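Inspection log for the structure reproduced underneath, given as structure tokens.
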Amino acid sequence: MSAPERIPARSVTATGPVSGAEAGTGSVSGAGTGSAAGTVALLTEGELTVRGRVREASNAVLFCTVARDGEEAHCVYKPVAGERPLWDFPDGNLAQREMAAYELSEATGWGLVPPTVLRDGPYGRGMVQLWVDTAPADGDGLLALVEGEEPGAGWKAVGFADVGEGRTALLVHADDERLRRLAVLDAVINNGDRKGGHLLPTGDGGLYAIDHGVSFHTDDKLRTLLWGWAGEPLTADAREALGSVAASLTEGAPLTTRLAELLTAAEVAALRTRVGTLLERGTHPVPSGEWPAIPWPPV
């Protein structure tokens, strides 16, 4: 059995000229090279043109270009009309949760979620998010299946996985500060679906994370592949970021006002409680035992 096992890249079904996107990567022209505010403005005000559809997605995820005043970027557009109903989340609400995840990512200062906006598009209102160029070779260093019962140096154990023919392998993730930050963000937003395919390493050493529609539930729904730090003390970096988030969640603060437009009052209150609990305990959360801890399928 080979290890690490490659995480599959995103793939796109083309409906028109797509340039390099058919290989599962996107490119940015004009946007992404300027300010974050400029990218958000382009995503918000630019003309959206649908170029294809991301095949693996359970909801409608459309690959688009967005253009304005000579600037153009690739992006994904998730129309509310294409959301599949879920038993435990309100209908037509996933795009707002994606937007809320971006707001929280920005509040930490870590920038883990690509620039994201809510806007009208060819198929109605939805979430529009900057498409991220990925570095496939770097993805091999984030998750792996390994033989034996110990993760080895530089890795964190998640659990054992059935790999067929009566064999098991140890699922591990890298002991990587980028992933550790993401594990904290997922605990804050109560992410119910952190899979390997949602991790987008970039060629410059950065990391983005996508697909946050099933987040911010009032019940503990945390499901993730990033359990390697469970129970360990939070880093000073994480405590500082959580402190900034807590200060931004006070009554009347701009972040609180913005989240009130995206989530229910109960969900904002639960978010505030999760941040406070993480700061009080000072450790990464552990699985509750009341909800499947690892998403399926894991990638």
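Here are some notes:
- Some residue of the stretch 140-147 being outside any strand (DSSP E or B), among the charged types (D, E, K, R) and either crowded, with 20+ Cβ neighbours inside 10 Å or under 22 Å from the mean Cα position of the chain (by Cα) (or both): yes
- Residue list for the stretch 153-171, filter: in contact with a Leu (Cβ under 8 Å, 6 or more places away or on another chain) and free of Cβ contacts under 8 Å to residues at least 60 places away in the same chain: F160, L170
- Residue-level check: of (1) closer than 28 Å to A266 by Cβ; (2) among the acidic types (D, E); (3) within 17 Å of the chain's Cα centre (by Cα), D91 misses just (3).
- Each residue in the stretch 166-182 was checked for being touching a strand residue (DSSP E or B) at 6+ places or on another chain (Cβ under 7 Å) and either open to solvent by less than 30 Å² (accessible area, probe 1.4 Å) or not polar (S, T, N, Q) (or both), and 10 of them qualify.
- Condition met for R274 (of a type in the set (K, R) and closer than 18 Å to S215 by Cβ): yes
Listed here are the residues, each with its yes/no results for (1) of a type in the set (K, R); (2) in contact with a strand residue (DSSP E or B) (Cβ under 8 Å, 6 or more places away or on another chain); (3) touching a residue at least 24 places away in the same chain (Cβ under 8 Å).
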{"residue": "S215", "(1), (2), (3)": "no, no, yes"}
{"residue": "G228", "(1), (2), (3)": "no, yes, yes"}
{"residue": "T235", "(1), (2), (3)": "no, no, yes"}
{"residue": "A253", "(1), (2), (3)": "no, no, no"}
{"residue": "T257", "(1), (2), (3)": "no, no, no"}
{"residue": "A266", "(1), (2), (3)": "no, no, yes"}
{"residue": "T277", "(1), (2), (3)": "no, no, no"}
{"residue": "P297", "(1), (2), (3)": "no, no, yes"}
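The values are calculated or read from the model by the stated rules, or taken from the named source; none is laboratory data. Keep in mind that what you see is a predicted model, and the values were worked out from it rather than measured. Don't worry about glycine lacking a Cβ; one is built from the backbone with ideal geometry, like all the others, and counts go over all protein chains shown. The area values use the complete protein model at the heavy-atom level, side chains included, leaving out ligands, DNA and RNA. Shrake-Rupley method; radii C 1.70, N 1.55, O 1.52, S 1.80 Å.
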